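Read through the structure below, which is laid out as structure tokens, and then see the notes.
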Amino acid sequence: MNFGFTEDQDRLRDEFRRFLDERSPMTEVRRVAETGPGYSPDLWQKMGELGWLGLTVPETYGGSGLAWIDLVILLEETGRSLIPSPLIGHTLATTAILEAGSEEQKQRWLPDLALGRRIASVAVVEEDNVYSSAAIRLEGKPMAEGFLLSGKKCSVPDPESADLFVVAFRSGQAPEEVALAVIEANAPGLDARAYPMIDATKRMGNLNLSEIQVAPDAVLSGNGMKANAIDRLLDAGALAVAAEMGGSVDEALRITVEYAKQRIQFDRPIGQYQGVKHPLAEMYVDAESFKSLVYYGAWCFDNRPEELPRYASLAKAYATEAFVRTGVDSIQIHGAVGFTTAQDIQLYFKRSKWGRPMFGDAEAHYERVVAQRGY
């Protein structure tokens, strides 16, 4: 593995950053976050036209054919700008279809998803909020053709914006008998509802399913669907959230450093005091450390899948702890003014609260790493 980004990847980051700075400055982020959909359809469409929504989708299906490490660059930049969008859920649903779908299913769904003509999301976890294929309880009752689904999915990204959902369910009694179904948002018996969030730039909700009929051609069947495919999808989710956190921590640190240079106390900028300098240095070290884990995890996704579970967990655990600590310390350095809505730093603090439980908190992932080592 090359531990440095290539010139092409650096140019890709510059392109992402320029676009987001121009099209989604913080004033626009605040405005869009207060709208009903919680994202800008025009901006979403433009991202699709630029190829960002199908970054890892092969060109055969209308995508850009890049790797997960390239996707991480995009996610870092969207995390830096706090852009409100259905990107993470959409990316994971696209990944699920790409990896677990048949050729016919890929041809049916991927081109529209890659171009942003349709929005997708994932519905995997349930009320216990455990991110594992073993925790799936939604039962698929066999019919003459397909399955009948009734139950509830929780922590679903952007439930009211999605046109289709990739839903995990149990297709049999054996532990490995799990499957993914692609269900249209307008399917009879499907109710998708968002709930209030402390972070207005994110939309989350529940998916209620009442006797949803899933035809055989809507069940992802490529490569013999197994439990480890769902766990791999959850690892991808943990990596994606950790990547967004990397960009958010970088920007929170930049904002706080600038404030520390300008805020005068006892005739000196507060950034000159050790009580401020040391936390800022620790934020930087934390950010660079967990981003290295994210980069390696993204490389493992494409090149060394057997190591993905370990490094996805390490990256998400470290990123969660670092982001929460950065949010708290940044507010502390700003003082009471940091809590006011006029300050941008409070938006990053709120984003850390959203990211903490998504695809598993730090404790859950550390326990998983220990279990992987057989201790």
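The values are calculated or read from the model by the stated rules, or taken from the named source; none is laboratory data. Keep in mind it's a predicted model, so treat the numbers as computed, not measured. Using ideal geometry, Cβ is built from the backbone for each residue, glycine included, and neighbour counts are taken over all protein chains shown.
Summary table
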read-out: Criterion violated by Asp158 - all others in (1) surrounded by fewer than 21 Cβ atoms within 10 Å (Cβ to Cβ); (2) at positive phi satisfied; value: (1)
read-out: Segment 311-322 residues that are farther than 11 Å from Tyr366 by Cα and in contact (Cβ under 8 Å) with a residue 24 or more places away in the chain, paired with ones that are among the hydrophobic types (A, V, I, L, M, F, W, C) and outside any helix (DSSP H, G or I) (beta carbon under 6 Å, 6 or more apart); value: none
read-out: Lone unmet requirement of (1) modelled with pLDDT of 95 or more; (2) assigned to a strand (DSSP E or B); (3) surrounded by 19 or more Cβ atoms within 10 Å (Cβ to Cβ) for Lys202; value: (2)
read-out: Breaking point among (1) modelled with pLDDT of 95 or more; (2) under 24 Å from Leu87 (Cα atoms); (3) buried (at least 22 other Cβ atoms within 10 Å of the Cβ), for Leu253; value: (3)
read-out: All helices (runs of 4 or more DSSP H) inside segment 36-114 with 3 or more residues being within 21 Å of Ser24 (Cβ to Cβ) and out of contact with any strand residue (DSSP E or B) (no Cβ under 8 Å at 6 or more places or on another chain); value: 41-49, 68-81
read-out: Qualifying positions in segment 301-313 - surrounded by fewer than 23 Cβ atoms within 10 Å (Cβ to Cβ), of a type outside the set (S, T, N, Q) and part of a helix (DSSP H, G or I); value: Asp302, Pro305, Glu306, Glu307, Pro309, Arg310
read-out: Candidate set from segment 319-342 (those that are crowded, with 17+ Cβ neighbours inside 10 Å and among the polar types (S, T, N, Q)); member that is nearest to Gln262 (Cα to Cα); value: Ser330
read-out: Criterion violated by Ser289 - all others in (1) buried (at least 17 other Cβ atoms within 10 Å of the Cβ); (2) more than 30 Å from Pro175 (Cα to Cα); (3) touching a Phe, Trp or Tyr at 6+ places or on another chain (Cβ under 8 Å) satisfied; value: (1)
read-out: Residue in segment 218-234 that is of a type in the set (A, V, I, L, M, F, W, C) and more than 27 Å from the chain's Cα centre (by Cα) present; value: no
read-out: Residues (buried (at least 16 other Cβ atoms within 10 Å of the Cβ) and either among the basic types (Lys, Arg) or assigned to a loop (DSSP other than H, G, I, E, B) (or both)) located in segment 188-199; value: Met197, Asp199
read-out: Among (1) among the charged types (D, E, K, R); (2) within 30 Å of Val29 (Cα to Cα); (3) without any contact (Cβ under 8 Å) to a residue 24 or more places away in the chain - the single one Arg118 does not satisfy; value: (3)
read-out: Among the residues listed as Ser171, Ser161, the single one being under 24 Å from Asp235 (Cα atoms), of a type in the set (S, T, N, Q), under 20 Å from the mean Cα position of the chain (by Cα) and in the same structural domain as Ser210 (by TED's automatic domain parsing); value: Ser161
read-out: Tally, over segment 268-286, of residues that are within 16 Å of Val328 (Cα to Cα), of a type in the set (A, V, I, L, M) and surrounded by 14 or more Cβ atoms within 10 Å (Cβ to Cβ); value: 3
read-out: Some residue of segment 167-178 being in a strand (DSSP E or B), surrounded by 15 or more Cβ atoms within 10 Å (Cβ to Cβ), among the aliphatic types (A, V, I, L, M) and at pLDDT below 95; value: yes
